[in-house]
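Notes follow the structure.
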Amino acid sequence: MKKIASLLMMLCIVGLAACSSGKKSPSNIVKNYLNSVQSGDHEKAISYFNADKSEEAELKALLEKVTEMELESYELVAGGETISGDGKTATVEVIMTFAEDDEPTENTFKLVKVNGEWKIDIRSK
């Protein structure tokens, strides 16, 4: 009985660890960013970038433009998350629909790991 209880406990711990690690995945960072954009929380949206203070003005201007375009909806592309072999960079494919566009557009977000956390890479082109 003790062995079964120990085994169940181990499975619960492994399951919780797997669930908690997914919360900070590149896809979830992009999703949290887009939710912040939709809700108009620009400060929160900026926190998902690897920007320093000198780049915040550029980001705020970008967020104003995105807000004006009215992001109506987005969908993460199934299988659209790719993490590099060294685990330092990632891309996330997203289909976004804006109020002014007739057709959804596919966008690629590039992310970089900074101090162990995924951030949207403002410096990538």
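Please treat every number below as a calculation from the coordinates, not as lab data. Values in this document were obtained by computation on a predicted structure and should not be read as measured data. Please note: Cβ atoms are built from the backbone with ideal geometry, for glycine as well, and neighbour counts cover all protein chains shown.
For the residues 46, 122, the requirement of being surrounded by 12 or more Cβ atoms within 10 Å (Cβ to Cβ) and either of a type outside the set (A, V, I, L, M) or free of Cβ contacts under 8 Å to residues at least 24 places away in the same chain (or both) singles out 46. Evaluated against (1) surrounded by 13 or more Cβ atoms within 10 Å (Cβ to Cβ); (2) among the aliphatic types (A, V, I, L, M); (3) more than 16 Å from residue 34 (Cα to Cα); (4) free of Cβ contacts under 8 Å to residues at least 12 places away in the same chain, residue 90 falls short on exactly one condition, (4). Among the residues in segment 33-56, are any under 14 Å from residue 117 (Cα atoms) and of a type in the set (D, E, K, R)? No.
Specify the residue that is surrounded by the fewest Cβ atoms within 10 Å (Cβ to Cβ); the eligible residues are those in segment 93-119 that are polar (S, T, N, Q) and in a strand (DSSP E or B). Walk me through how you get there before you give the answer.
Step one: list which residues in segment 93-119 are polar (S, T, N, Q), which gives 97, 105, 107-108, 115.
If we keep only those that are in a strand (DSSP E or B) as well, we get 97, 105, 107-108.
Numbers: 97: 15, 105: 10, 107: 14, 108: 12.
Step by step, filter segment 93-119, then rank; the result is 105.
Among the residues of segment 50-69, which ones are without any contact (Cβ under 8 Å) to a residue 60 or more places away in the chain, surrounded by 13 or more Cβ atoms within 10 Å (Cβ to Cβ) and outside any helix (DSSP H, G or I)? Steps first, answer last, please.
Within segment 50-69, the first condition is being without any contact (Cβ under 8 Å) to a residue 60 or more places away in the chain, and the residues that meet it are 52-54, 56-57, 60-69.
In the following step, the residues that additionally are surrounded by 13 or more Cβ atoms within 10 Å (Cβ to Cβ) were identified as 56, 60, 62-63, 66-67, 69.
Correct list: empty.
Taken over segment 61-103, the criterion of being charged (D, E, K, R) and closer than 17 Å to residue 124 by Cα is satisfied by 81, 88, 93.
Do we find that residue 77 is farther than 14 Å from residue 118 by Cβ and not in a helix (DSSP H, G or I) in this structure? Explain how you work it out, then say what you get.
Numbers: farther than 14 Å from residue 118 by Cβ: yes; not in a helix (DSSP H, G or I): yes.
Judged against the criteria, residue 77 is a match.
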